[in-house]
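Here is the structure we will look at.
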Amino acid sequence: SLTMSKQLVSSCMALMVLFSVLLIIPKTEAQQRCTKVIAPETQCLLLKCREECFKTLNGFGTCVENPPGSDNYTCNCMFDCPTSPQLPAVDHFNVSTGLNASQV
């Protein structure tokens, strides 16, 4: 029965870790979502908005009332923010491949 309780504890721990990871992921994603208004001076047409948003920013476009309560809609494009921490990693990668190329 001792091994059974150990297994139960370890499986509970695994579940807790899994849940905490699942809870953390949406928060980090939420921070990396950006919104940009496309053509704010024009009336939003959903199909055109979605197409333009997808073509320019690889994002998802929606029509939003602006100001709220009016008949004026603007195209809001939600997309993944360009994250700055990735840039140095890419530069570092390029530098290391450059060094490897010169060594060959």
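We did not get these values from a lab; they are worked out from the coordinates using the rules stated. Everything numeric here is computed off the predicted structure, so don't read it as measured data. Here Cβ is always computed from backbone atoms with ideal geometry, including for glycine, and neighbour counts include all displayed protein chains.
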Please compute the modelled spin-label separation between Thr56 and Asp80, points set 7 Å along Cα→Cβ, answer in nm with one decimal. 2.0
At a 10 angstrom cut-off on C-beta neighbours, averaged per residue, how do the peptides 68-77, 53-62, 33-42, 2-11 rank from highest to lowest? 53-62, 68-77, 33-42, 2-11
